[in-house]
Amino acid sequence: MDGTVTAALQARELVKRYGEREALRGVSFEALAGELVAVTGPNGAGKTTLLSILAGILKPDGGEVVVAAGEVGWVPQQAALYRRLTVEENLLLFARLEGHGDPRASTEEMLELSGLRERRGEIVARLSGGNQQRINIAIGLLSRPRVLLLDEPSVGLDPRQRARLWKFVSGLAERGTTVIFSTHDIQEAERYGGRLLVLADGESLFDGSPAELREAVRREAPEAADRDFETAFVSFLHHRGH
Amino acid sequence: MRWLLLKDLQILRRSPLQAVLLVAYPILIAVLVGFAVSRGPEKPRVAFLNEVPADSRVSVGGQQLPAAGVSSRICSRVECVDVKNRDEALEKVESGDVLGALVLPADLVTKINSLSTLAPGTPKVEVLVNEEDPVKASLVDERISTLLAQANLAIARRIAAEGGHYLNLLIDGGELPVLGQSIHILGLRATAQILTALEPALPAGPLRTSLQQVTNFAGEARDNLNIAGPLIERLAQPIQVDKVAVGGSSPPLEIFAIAVAATLTLAFVTVLLVAGSLALEREENAFPRLTRGLISREALLAEKVLLGVGVGLIVTLLMLAGLEIFVPLEWSRIGLWLLAILAGGAALAAAGAALGAAAREVRAVSLLAFMVTLPVAFLSLVPSGAVGSGIFDVIGVVTAVFPFKPALQAMTAALDSAGPGIGGPLLHLAILMVAYGLLARLALRRFAAV
C-alpha cells in the first residue's frame with residue numbers, strides 16, 4: 001500500500017483501448033472517505049469502463065488504481081441476482097461465498113439495511129426493479145467495502161423508486177462509505193453527487209463540485225447559462241468539442 | 001463451490017418444467033426402449049389361402065409330413081388372414097387390408113411328391129404383394145422368400161438323400177419297392193464279381209475279350225458312382241456359411257439398445273443442464289460478480305461439471321431401474337455402470353460447459369446443445385459398411401471428438417458381461433474431458449466482456 005495515499009481511492013492516468021478505439025485517455029481522480037462521486041457524461045463517454053477498471057473487472061492498458069484500505073464493492077448496472085431465488089436466499093448465498101463467519105447474521109443485517117426484511121421470502125423475479133436494485137446494492141455491501149461502485153444504479157426506476165434508492169445510498173455515504181456512481185443524467189449527478197467527474201469520449205473534462213460545474217458551464221457557455229442546467233451542460237460539452 | 005451447487009439445485013427445483021422434463025424424459029425413454037426390446041417385431045398381415053386337401057401328405061424320400069405343418073410354420077412368421085378363395089385374397093391385397101397374399105394351390109403336394117419320381121412336376125405357390133408401401137412390401141417379400149427358401153432346402157435335402165439311396169442300390173444292390181412289391185436289384189458290385197467269376201470258363205477269344213470289357217465297365221461305373229454320391233448330397237446346399245466374428249464381440253441387441261438409451265439420456269441431461277446453467281450465470285449477470293474474487297473460473301466450471309454428473313447419474317440410474325421391469329439387468333455390475341456413467345457424464349458435462357461458454361445465452365445454448373448432441377448421437381450409431389468408406393472415416397473423426405460414442409462404448413462394456421473392455425473408452429473420455437475443459441476455460445474469457 002502506498003503510504004502517501006490519503007484518499008479512499010485514487011485513479012492515476014487510466015488508459016483503456018478496445019482495438020483502435022481509446023475508451024479512456026489518461027483519466028485521474030480521487031475519492032475521499034464518505035464522499036459521493038458522480039461519474040457522468042454522454043453515452044460512450046467511458047463511465048462503465050472506468051467503473052469496471054476501478055472494480056478490478058477490467059485491466060487498464062495504462063495507469064493504476066490505488067485503494068487505501070478495505071474492499072471495493074461493486075454493483076453492476078443490471079442487477080446481478082438469481083431471479084428464481086428469494087431475496088434471503090440471494091443474500092445468504094453471497095454472504096456464504098464471501099466467507100462470512102455468520103452468514104445468517106450478515107443476511108439479517110442487509111435485509112434491515114435495504115428495508116426488505118418483510119419481503120425476504122419473495123422470489124426476486126417478482127420484485128419491482130427498484131427493490132431488485134436495492135438487493136443488488138445490498139449484495140455489493142456484503143463485503144463491507146470502504147468504497148462502493150454503482151454503475152448506473154437508477155436506470156429503469158420510476159421517480160419514487162429513485163428517491164428511495166438515493167436515500168439508501170446517501171445513508172451509506174453518511175456512515176462513511178465512499179460511493180462512486182455513474183449516471184448519464186446530469187441532473188441526478190448534480191443533485192446526489194458531492195463531486196462530479198465529467199467524461200466525454202474517454203477524456204476527463206471536469207472534476208469538482210456541482211456548484212463549480214455550474215460556474216464552469218456559465219463561464220464556457222454563457223449563451224445557455226440562463227436555460228436549464230441540462231441544456232447548459234450540453235452547450236458546455238459542445239464548447240469542449242464533444 | 002458447494003454453495004453454488006446448492007444454489008443450482010434450488011434453481012432447478014424452482015423450474016417445474018425443467019424438473020419434470022428431467023424426470024419424465026428418462027422414464028419415457030425407459031418405457032419406449034423397454035417395449036421395443038421386450039416385444040418382437042410386428043408381424044406383417046398376409047392373406048393365406050390353402051387349397052391343398054387336408055388329408056394330403058408330403059412324401060419325399062420315403063418320409064411323410066402332414067400338410068398342416070406347412071400352414072402353421074408359415075403363420076408363425078406372418079399374421080395369417082384366412083381367405084376363402086383367390087379373389088378374396090386379391091381384394092384384401094388391393095384394399096390394403098393385408099400387405100400380401102400367399103396362395104398354396106390344390107396340386108402343390110402332388111407336385112412336391114412327384115419330385116422323387118421319374119416324372120417330376122414343378123410345384124408352384126402364388127404370392128400377391130401390395131407395393132403401395134415399399135418398406136412393408138419388401139418385408140412381406142423377404143418373409144415369404146425366406147419361408148420358400150427353407151421349404152426348398154428341406155425338399156432338396158430329401159431328394160438328394162433319396163437320389164443317394166437309389167445310387168447305393170445301383171452300386172451295392174438291394175430291394176426296390178415298386179407298386180407295393182419288392183424287386184431285387186443285383187447291383188454293379190455283384191455284377192462285376194459274377195462276371196469276373198465267369199471269365200475263366202470262357203475260351204480265349206473275342207467272346208472272352210468282350211466279357212472282360214463288360215467286367216471292366218462294371219468296375220469303373222461302380223467306382224465313379226461312389227464319387228457321385230457325395231456330389232448329389234452337396235447339391236442340396238452347395239454353399240455352406242462359415243461365420244467368423246472379427247473386430248470384437250457384439251453385445252446382445254437388447255443390451256445395446258439399453259446402452260444407447262442410457263447414453264442418450266445421460267448426454268442430453270448433462271449437456272443441456274451444464275450448458276444452460278453456465279449460460280444462466282451470464283444471463284443473470286452474476287458471472288462478473290462471482291469471478292471478482294468469490295470463486296475462480298476453474299472452480300465455477302468444476303461446479304457445473306459436478307452438477308451435470310450428479311444429476312446425470314441419478315437420472316440415468318433411474319432409467320436403468322425403469323428398464324429392469326422389461327429386461328433383467330446384471331445389477332452385480334453396478335460398479336462398472338457407475339464408472340461408465342461418471343466418466344461419460346464428466347466428459348459430456350465438460351462438452352456442455354464448452355458449449356455454454358461459447359453460446360452464452362440460455363436459449364442459444366439449448367438450441368446448440370440439441371443441434372450438436374442429436375446428430376452426433378445418430379452418427380455414432382452408423383455401422384461400418386452402411387456408408388462409403390470415405391464418409392465412414394469422416395463420421396469416425398466427428399464421433400471421436402464428441403464424448404457420445406466413447407460414452408456409449410463404456411456403457412455397453414459396463415452392461416455386457418461378455419462385451420469388450422471398458423479401459424479404452426474410459427481413457428478416451430478422460431482425454432475428451434480435459435480437452436473440453438480447456439476449451440470451456442478459453443471460451444469463458446468472452447464471459448468477462450462487459
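The values are calculated or read from the model by the stated rules, or taken from the named source; none is laboratory data. What you see is a predicted model; the values in this text were computed from it and never measured. Glycine also receives a Cβ, built like all others from the backbone with ideal geometry; neighbour counts cover every protein chain displayed. The area values use the complete protein model at the heavy-atom level, side chains included, leaving out ligands, DNA and RNA. Shrake-Rupley method; radii C 1.70, N 1.55, O 1.52, S 1.80 Å.
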Report summary line: Out of B:Leu301, B:Leu317, B:Leu12, a Gaussian network model of chain B with alpha-carbon springs under 10 Å gives the largest mean-square fluctuation to B:Leu12
Report task. Relative to the longest principal axis of the C-alpha atoms of chain B, give the angle of the C-alpha long axis of helix B:423-443, reported between 0 and 90° and rounded to the nearest 10°. Result -> 30
Query raised in the report: What is the helix-to-structure angle for A:159-174, meaning the angle in degrees between its Cα long axis and the longest Cα principal axis of chain A, kept from 0 to 90 and rounded to the nearest 10?
Result: 90
Report task. Write down the percent of antiparallel bridges among all DSSP beta bridges whose residues are both part of chain A, to the nearest 5. Result -> 50
Query - Lys, Arg +1 and Asp, Glu -1 on Cβ, resulting dipole of region B:89-225 about Cα centre, debye, nearest 20 - result: 740
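Placing +1 at every Lys and Arg Cβ and -1 at every Asp and Glu Cβ, with all other atoms neutral, what dipole size does the protein assembly as shown have around its Cα centre, in debye to the nearest 20?
For this selection, approximately 1000 debye.
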Query raised in the report: Which value in nm describes the separation of the simple spin-label points at A:Arg12 and B:Leu176, placed 7 Å from the Cα toward the beta carbon?
Result: 12.4
Report task. Read phi for every residue in region B:363-372 and hand back ³J(HN,Hα) as whole Hz from Karplus 6.51 cos²θ - 1.76 cosθ + 1.60, θ = phi - 60°, with x for Gly and Pro. Result -> 5, 4, 5, 4, 5, 4, 4, 5, 5, 8
Report summary line: Percent antiparallel among DSSP beta bridges confined to chain B, nearest 5, equals 60
Report summary line: Among B:Val83, B:Val269, B:Val260, the residue with the largest mean-square fluctuation in a Gaussian network model of chain B built from Cα contacts under 10 Å is B:Val83
Query raised in the report: B:Lys304: which aspartates and glutamates have alpha carbons under 19 Å from its alpha carbon, excluding same-chain residues fewer than 8 sequence positions away?
Result: B:Asp8, B:Glu281, B:Glu283, B:Glu284, B:Glu361
Report summary line: If each part is reduced to its alpha-carbon centroid, region B:7-30 and region B:272-345 end up apart, in Å, by 13
Query - Mean residue ellipticity (222 nm) of chain B, computed from DSSP H runs ≥ 4 via -39,500 (n - 2.57), nearest 500 - result: -22500 deg cm²/dmol
Query raised in the report: Using the alpha-carbon centroid of each, what span in Å lies between region B:190-210 and region A:77-138?
Result: 124
Report summary line: Taking R0 as 25 Å and r as the Cβ-Cβ distance between B:Met1 and A:Ala105, the FRET efficiency 1/(1 + (r/R0)^6), rounded to the nearest 0.05, comes to 0.65
Requested in this report: Taking amide H positions as placed in the peptide plane 1.01 Å from N, state which residues far from B:Val81 in sequence (5 or more) or on other chains have amide H under 5 Å from it.
Outcome: B:Val46, B:Ala47, B:Phe48
Query raised in the report: For A:84-95, what's the mean count of beta carbons from other chains sitting within 10 Å of each residue's beta carbon?
Result: 3
**Report entry** Spacing of the two label points (7 Å from each Cα toward its C-beta) at B:Arg157 and B:Ile183, in nm
**Finding:** 3.1
Report summary line: In degrees, nearest 10, the alpha-carbon axis of helix A:210-220 is tilted away from the dominant principal axis of the alpha carbons of chain A by 20
Query - Relative contact order of chain B, defined on C-alpha pairs under 8 angstrom at six or more residues apart (%) - result: 16
Requested in this report: Return one whole number: the accessible area per residue of the protein assembly as shown in Å², for a 1.4 Å probe.
Outcome: 50
**Report entry** Most positive-pole-ward Cα, B:Gly205, A:Val234, A:Asn131, against dipole of the protein assembly as shown from beta carbon charges
**Finding:** A:Asn131
Query raised in the report: Can you give the accessible area of A:Asp185 in Å² (nearest 10), computed on protein heavy atoms with a 1.4 Å probe?
Result: 40
Query raised in the report: Quick one: net charge of A:Lys47's neighbours, Cβ under 10 Å, K/R +1, D/E -1?
Result: -2
Query raised in the report: Hey, rough spin-label estimate for B:Ala24 and B:Gln193, points 7 angstrom out along Cα→Cβ, what's it come to in nanometres?
Result: 8.8
Query raised in the report: Among the DSSP beta bridges whose two residues both lie in the protein assembly as shown, what percent are antiparallel, rounded to the nearest 5?
Result: 55
**Report entry** Share of carbon and sulfur in the accessible heavy-atom surface of chain B [1.4 Å probe, %]
**Finding:** 64
Report summary line: Checking A:Ala23, A:Ala125, A:Ala138 against a Gaussian network model of chain A (alpha-carbon springs below 10 Å), the top fluctuating residue turns out to be A:Ala125
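Show A:Tyr82, B:Tyr436 ordered by accessible area, largest first, where the area counts protein heavy atoms only and the probe is 1.4 Å.
B:Tyr436, A:Tyr82
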Query raised in the report: What percent do you get for the relative contact order of region A:3-144 when only Cα pairs under 8 Å and 6+ apart count?
Result: 23
Report task. Please average, across the residues of A:57-68, the number of beta carbons from any other chain that are within 10 Å of each residue's own beta carbon, and give a whole number. Result -> 1
Requested in this report: Leaving ligands, DNA and RNA out of it, work out the accessible area of B:Asp172 with a 1.4 Å probe and give it in Å² to the nearest 10.
Outcome: 80
Query raised in the report: What does the accessible area of B:Ile391 come to, in Å² to the nearest 10, when a probe of 1.4 Å is used?
Result: 100
Report task. Pop out the ³J(HN,Hα) list for region A:63-74 in order, Karplus 6.51 cos²θ - 1.76 cosθ + 1.60 with θ = phi - 60°, rounded to Hz; leave Gly and Pro as x. Result -> x, 8, 10, 10, 10, 5, 6, x, 7, 10, x, 9
Report task. Excluding residues fewer than 8 places away in the same chain, name every one of the aspartates and glutamates whose C-alpha is closer than 14 Å to that of B:Lys84. Result -> B:Glu51
Report summary line: The A/B contact buries a total accessible area, at probe radius 1.4 Å and rounded to the nearest 100 Å², of 2300
Query raised in the report: Based on Cβ point charges of +1 for Lys and Arg and -1 for Asp and Glu, what charge dipole magnitude is obtained for chain A about its Cα centre, in debye rounded to the nearest 20?
Result: 640
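First measure r as the distance between the Cβ atoms of B:Glu126 and B:Ala386, then evaluate 1/(1 + (r/R0)^6) with R0 = 30 Å and state the FRET efficiency to the nearest 0.05.
0.30
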